[in-house]
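Participant: Got a structure for you, written out below as structure tokens; questions coming shortly.
Please treat every number below as a calculation from the coordinates, not as lab data. Worth saying up front: this structure is predicted, and the values here are computed from it rather than measured. Reconstructed Cβ throughout: ideal geometry from the backbone, glycine too, with neighbour counts over all protein chains shown.
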Amino acid sequence: MARPRSRRGGQTRDGWVLMLPVVVLLGLFLVAPVLMALWVSVSDWRGNGSPFGGDVGFVGLENYRQILAGGGLAERDFGTSLRNNLFYVVLVVPLQTVLALLLAVLVTRRSLRGRGFFRTAFYFPSVTSSVAITVLWLFLFSTSGVVNKILGWVGLNGPAWFQDPRGVLHLLLGAVGVDRAPAALGEHGFLGITWWDWVAGPSVAMSAFVLMAVFTTSGTFMLLFIAALNNIGDEIEEAGLIDGANAWQRFRHVTLPMLRPTLFTVLTLGLIGTWQVFDQIYTGTQGGPAKTTLTPAYLSFQSAFVNQRWGQGAAIAFVLFAIIVVLTLVQRWALSEDRGSRGERARAAAVRAGATARRQGGGVTGGAA
Amino acid sequence: MSAGTPTAPRARATGTYVTYAVLVLLAVVYVMPFLIQVATSFKTEADAAANPLSLVPTTATAEAYRTLFVDSPLPTWFANSVIVTLFVTTGRVLFCSMAGYALARVPFRGRALAFAVLVAIMAVPNVVLLIPKFLVINQLAIYDSYAGLIIPLLADASAVFIMKGFFESVPASVEEAARIDGAGTFRIFWSVVLPMARPAVMTVIILSFQASWNELNHFIVASQDPDLFNLTKGVAQLASGALSQGTQYPLKLAAALLMTLPVALVFFVFQKRIVNTTTGAVKE
């Protein structure tokens, strides 16, 4: 009688001993840091000595107020960074998803010659570091660089990509004669910048980063789609074929619905990733020109490490965290809404939520942004 | 595709040509930038500016590489990247397989809780941790040291899940036989199950290698001593104009190329495994 019990106790000890390094490391470098930063975000610590020292004061939500309703430069910078990142997200997420799906569909054909070569070519940018790709991008998009040379072939005069702070939507509006803000947009605003500036679109400089993100991430997501397509298998495809559906109908009504869980994963990972643009900005433009590539992640870093406003930097990081969490939840809700009968829906959603939580995390900590 | 499908043969042939045309065009777009990078790294500055598209240098020169190896701190950066990557990869394989085994096979008290906490931890975005990590590293007095560069990267939740997934697929009978022979949990883990886990361990090695070699933001907040720069941090400084008069594109592209070579090498050696399986292949 005593034996199974002691063995169970032994296993509990063994289990925790095996878990110990990971638990200690994650506790020390993930859990504890977040709690410390939470304290810093409500304190007036300026980077000298310990944030827990006696001379560090509690300032409540002042740091948050500064960036969300301070009326000063801090609020304007935060508003600008949100605007910039929002356009980046809105462009990158759909583009990378559609391109990844297209690549996957093209390279999963059984009859295709050179499948391996194509997969390798499309995936290779994903394994190189964001720093190396940024250096390459700065060259390709330099004023007399490769991209502008190619644009020149078709008679286009390429811009000075990384120096041009003009928003592309403003440029388009300018082309049809709308150069200045209508009064309603120019006088009112949100987070310290006018509505007119909110709708400027990504700057020319930011657009170059958008293209870079699509170039480097489409290969990764292509692999996820390939795995899903392989799981679907040929039988269903053939059933659709016998029913006389053409290629597009088969894709639209048979394949696409079955890809839904993967689509969800890709969109979620895309959303999480694109709200964290940092490496490219640090390496490339440091937020310039005219702050049009400033992102919340970079602003958080800059506020803390460059300007020594640690409380403000931490507050920005937590607001960014909240944005990511909220958007992920919204997306989960929106995508699960119109699916399945009502009774089944809840159960299916629960299972899916569990599964995606795991996969999602794999992506988030799987490597640097 | 088998014969007798409703699609007419001619339409199918046209479709095939279109597919190949699209694929080749896309492949050119994906591959060209890297070919241009290699070519430009052997050009003179004037040549790089005048003929950015050309894949053949007008007068080939290895001057950029000479400068990088002789007159720049690049060798130090390279050495630091190697040191950090070796330790981080070894540590992750060991610690994450231990935890993965415990979660998969040891029915210990608190396992469900440990699992839930791990999942929650993984949801915290990397960038949010910039300031927090610096605070802890500073508080532990390992700022500006190899310990500060390496230790925080030793555990990785996604690697734990890859190992857990593998261990769950190992038949229980294997361990039972060892248990009857009197082996304890650690013995079974170390001598029986871990040697069987070669494919999963390879995956974790490849992913950890890539992740730690390409890591930037942890190194930004963990040190400021130039002797502790790794390649990503060094090349990022180079790109934003340290070392340089003028644009120096050949030099910068050569540096970026040198830092890409090791990951490219690993990628091409293991490409079958990487491109054909997707276990944990998600890279942000």
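Participant: Viscosity 1.306 mPa s, temperature 10 °C: Stokes-Einstein D of the protein assembly as shown from its Kirkwood Cα radius, in µm² per second?
Facilitator: In µm²/s, the coefficient rounds to 59.
Participant: Along the positive direction of the dipole of the protein assembly as shown (beta-carbon charges: Lys, Arg +1; Asp, Glu -1; about the Cα centre), which of B:Thr58, A:Leu20, A:Ala245 reaches farthest?
Facilitator: Towards the positive end, the residue furthest out is A:Ala245.
Participant: Using the C-alpha atoms of the range B:75-273, what convex hull volume per residue, in cubic angstrom, is computed?
Facilitator: 145
Participant: Distance between the C-alpha centers of the range B:58-98 and the range B:163-185? Whole Å please.
Facilitator: Here the answer is 39 Å between Cα centres.
Participant: Residues of B:210-216, mean number of Cβ from any other protein chain within 10 Å of their own Cβ, rounded to a whole number?
Facilitator: Mean number of neighbouring Cβ atoms from other chains: 6.
Participant: Under 15 Å from the Cβ of A:Phe87, count the other residues' Cβ atoms, weight Lys and Arg +1, Asp and Glu -1, and hand me the total. Before the final figure, lay out the partial values.
Facilitator: Values: positive: A:Arg83, A:Arg166, A:Lys291; negative: A:Asp164, A:Asp197.
Around A:Phe87, the surrounding residues sum to +1.
Participant: How large is the charge dipole for the protein assembly as shown, taken about the Cα centre, if only the Cβ atoms of Lys, Arg (+1) and Asp, Glu (-1) carry charge, to the nearest 20 debye?
Facilitator: 1940
Participant: Nearest 0.05, what FRET efficiency do A:Trp195 and A:Trp248 give at R0 = 45 Å with Cβ-Cβ as r?
Facilitator: About 0.65, to the nearest 0.05.
Participant: Here's a follow-up. Under 5 Å between amide H atoms, partner at least 5 residues away or on a different chain: which partners does A:Gly189 have, H built in plane at 1.01 Å?
Facilitator: A:Trp195
Participant: Work from the charge dipole of the protein assembly as shown (Cβ charges, +1 for Lys and Arg, -1 for Asp and Glu, about the Cα centre) and give the residue of A:Ser81, A:Phe215, B:Phe108 farthest towards its positive end.
Facilitator: Working it through, the farthest residue towards the positive pole turns out to be B:Phe108.
Participant: A follow-up question, please. Only helical DSSP H runs with n ≥ 4 go in: add -39500 (n - 2.57) per run for chain A, normalise by residue count and round the 222 nm mean residue ellipticity to 500 deg cm²/dmol.
Facilitator: Using -39500 (n - 2.57) per qualifying helix, the result is -21500 deg cm²/dmol.
Participant: Next question. Cross-link candidates for B:Lys233: which lysines have Cα within less than 18 Å, leaving aside residues fewer than 8 places away along the same chain?
Facilitator: B:Lys233 reaches B:Lys133, B:Lys252.
Participant: Please give every one of the lysines within straight-line cross-link reach of B:Lys272, meaning a C-alpha to C-alpha distance under 23 Å, and leave out same-chain neighbours fewer than 8 residues apart.
Facilitator: B:Lys164, B:Lys283
Participant: How do B:Leu35, A:Leu138, A:Leu102 line up, fewest other C-beta atoms within 10 Å first?
Facilitator: Values: B:Leu35 11, A:Leu138 25, A:Leu102 15.
Taking fewest neighbouring Cβ atoms as first place, the list is B:Leu35, A:Leu102, A:Leu138.
Participant: Just going by the charge dipole of chain A, with Lys and Arg at +1 and Asp and Glu at -1 on Cβ, which of A:Tyr123, A:Gly192, A:Ile281 is farthest out on the positive end?
Facilitator: A:Tyr123
Participant: In debye to the nearest 20, how big a dipole does chain B give about its Cα centre with +1 on each Lys and Arg Cβ and -1 on each Asp and Glu Cβ?
Facilitator: For chain B, the charge dipole is close to 900 debye.
Participant: If you average the sequence gap of Cα pairs under 8 Å that are 6 or more apart and divide by the length of the range A:64-336, what percent do you get for the contact order?
Facilitator: Computed value for the range A:64-336: 29 percent relative contact order.
Participant: Now for a different question. State, to one decimal in nm, how far the label point of B:Ser145 lies from the label point of B:Ala46, with both points 7 Å from Cα in the Cβ direction.
Facilitator: The modelled label-to-label distance comes out at 5.3 nm.
Participant: Kindly give Rg over Rh for the range B:7-61, based on alpha-carbon atoms, with the Kirkwood expression for the hydrodynamic radius.
Facilitator: Using Cα coordinates only, the ratio equals 1.34.
Participant: State log₁₀ I(q)/I(0) for the range A:64-336 at q = 0.09, 0.11, 0.13, 0.17 Å⁻¹ as given by the Debye formula over alpha-carbon point scatterers of equal weight, solvent excluded.
Facilitator: Debye intensities relative to I(0), on a log10 scale: -0.52, -0.75, -0.99, -1.35.
Participant: To make sure I understand, if each residue's beta carbon is the centre and we count other beta carbons within 10 Å, what order do A:Leu35, A:Leu18 fall in, fewest to most?
Facilitator: Taking fewest neighbouring Cβ atoms as first place, the list is A:Leu35, A:Leu18.
Participant: If Rh is defined by the Kirkwood formula over all Cα pairs and Rg also comes from Cα, what ratio Rg/Rh do you get for the range A:78-152?
Facilitator: Expressed as Rg/Rh, it is 1.07.
Participant: Per-residue mean of other chain beta-carbon atoms within 10 angstrom of the beta-carbon, peptide B:202-209?
Facilitator: Rounded to a whole number, the mean comes out at 1.
Participant: While we're looking at this one, here's another question. Averaged over peptide B:229-240, how many Cβ atoms belonging to another chain are found within 10 Å of each residue's Cβ?
Facilitator: The shielding value for this peptide is 5.
Participant: Still on this structure, I have one more. Remind me, relative contact order of chain B in percent, using alpha carbon pairs under 8 angstrom and six or more residues apart?
Facilitator: 29
Participant: How do A:Val59, A:Val326, B:Val275 line up, fewest other C-beta atoms within 10 Å first? Please list the in-between numbers first.
Facilitator: Values: A:Val59 16, A:Val326 10, B:Val275 23.
Exposure proxy ranking, most exposed first: A:Val326, A:Val59, B:Val275.
Participant: So, in nm, how far is label A:Leu86 from label A:Val24 when the simple model puts each one 7 Å beyond its Cα toward the Cβ?
Facilitator: In this crude spin-label approximation the distance works out to 4.7 nm.
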